[in-house]
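Let me give you the structure first, and then I'll get to my questions.
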Amino acid sequence: MTCEKMARLASTLLLVAIFMFPPLAALQAQALTEGLGSSNVPLEINADEGIEWRRDQKQYVASGNARAAQGELEVFGNQLIAHYREGAEGGTEIYRVDAVGDVKIVSPGETAYGDNGVYDIDKQVMVLTGQNLRMVSGADTITARDSIEYWEEKQLAVARGNAVAIREDKRVHGNTLTAHFVRDAENKLEIERIDAHGDVRVATKTEYATGDNGIYFVKKELANLTGNVKITQGENQMNGDEAEFNLATGVSKLKSTSGQQVRGLILPSSKKKK
């Protein structure tokens, strides 16, 4: 086989590897099932430094400002790497795809950023790591320090390490945030609920609540907090075991489950009075 034919074969195999087993399904399941997973949609891949086949490492690599696009979905990275193995019935199969350096995943209305990304095809999970990790979907932005995962079959995203979900002036913080997605009337994925664990903080412009764990219902703008709950408004504070915090209306309800009374400290407007 000539070098030219081998180069063409490598390019073809890389396209098949990347797009027949889409590495981005973990972040944009809706876009991928209608985009990268559709064989009748033209495929395009660009790389400044070309595409190579690494036989001994069992890899196909597109390097140098690499871009993969199909339909309205685009994947950017300094390098795209597809790892393959011998198939059970002969031939080869892709089991992992890496995106390395300045990773950006773009689909209509949604963008995800990270330094590096790994898609495990067997588990159908994508993991983004690096600096300035974030997912932007409509009015919602999720950021994290350590990693952002998306589990395709479960339709949920997990942000780890100082994770924050932001919508307008409302913020939900936790050591770990798990965002659950559902399909809307247009069959697009949207966040329905966020579970927060560890050092949970929920805030608006005027109220601030903390607890050990929490569940935030996005459309209702309602947060249920449990464990060492504190709700603060200005200099006023209320403490309890559980709380229902309505971020839309500003109404908070506290209760005790440990036998301890719910406690509140309400300060008068005049500092001369107690």
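Select, from Asp184, Asp146, the only residue that is surrounded by fewer than 18 Cβ atoms within 10 Å (Cβ to Cβ), without any contact (Cβ under 8 Å) to a residue 40 or more places away in the chain, closer than 30 Å to Ser252 by Cβ and charged (D, E, K, R).
Asp184
Among Val100, Val125, Val158, Val118, which is within 20 Å of Ala69 (Cβ to Cβ), buried (at least 16 other Cβ atoms within 10 Å of the Cβ) and either among the β-branched types (Val, Ile, Thr) or not assigned by TED's automatic domain parsing to the domain that holds Ser63 (or both)?
From the options Val100, Val125, Val158, Val118, the qualifying one is Val100.
Please go through the stretch 203-228 and give me each residue that is of a type in the set (S, T, N, Q) and in a loop (DSSP other than H, G, I, E, B), ordered by number.
Listed by number, the residues that qualify are Thr204, Thr206.
Starting from the stretch 122-133, take each residue that is under 12 Å from Ala159 (Cβ atoms) and list its partners that are surrounded by fewer than 18 Cβ atoms within 10 Å (Cβ to Cβ) and of a type in the set (Asp, Glu), counting only C-beta distances under 9 angstrom and pairs at least six apart or across chains.
As it stands, the answer is Val127/Asp120; Leu128/Asp115; Thr129/Asp115; Thr129/Asp146; Leu133/Asp115; Leu133/Asp146, since those pairs meet every condition given.
Would you mind finding the one in Glu168, Glu186 that is more than 13 Å from the chain's Cα centre (by Cα) and more than 19 Å from Leu247 (Cβ to Cβ)?
Glu186
Condition first: over 20 Å from Leu225 (Cβ atoms) and among the small types (Gly, Ala, Ser). Now tell me which residues in the stretch 134-179 satisfy that.
The answer is Ser137, Gly138, Ala139, Ala144, Ser147, Ala157, Gly161.
Hey, another quick one. Got a number for residues in the stretch 110-156 being among the basic types (Lys, Arg) and touching a strand residue (DSSP E or B) at 6+ places or on another chain (Cβ under 7 Å)? Spell out the reasoning first.
If we filter the stretch 110-156 for residues that are among the basic types (Lys, Arg), which is where we start, we get 123, 134, 145, 154.
Right, trim to touching a strand residue (DSSP E or B) at 6+ places or on another chain (Cβ under 7 Å) and you get 134, 145.
Adding up the residues that qualify gives 2.
Just to check your reading of the model, which residue among Leu133, Leu189, Leu177 is crowded, with 16+ Cβ neighbours inside 10 Å and modelled with pLDDT under 90?
Unique residue meeting the criteria: Leu189.
This table checks each residue for (1) closer than 22 Å to Tyr113 by Cα; (2) of a type in the set (Val, Ile, Thr); (3) in the same structural domain as Tyr113 (by TED's automatic domain parsing).
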residue	(1), (2), (3)
Glu153	yes, no, no
Ile191	yes, yes, no
Gly198	no, no, no
Tyr208	no, no, no
Lys220	no, no, no
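The values are calculated or read from the model by the stated rules, or taken from the named source; none is laboratory data. Owing to the predicted nature of the structure, the values given are computational and were not obtained by experimental measurement. Counting neighbours? That spans all protein chains shown, and the Cβs are built from the backbone with ideal geometry, glycine included.
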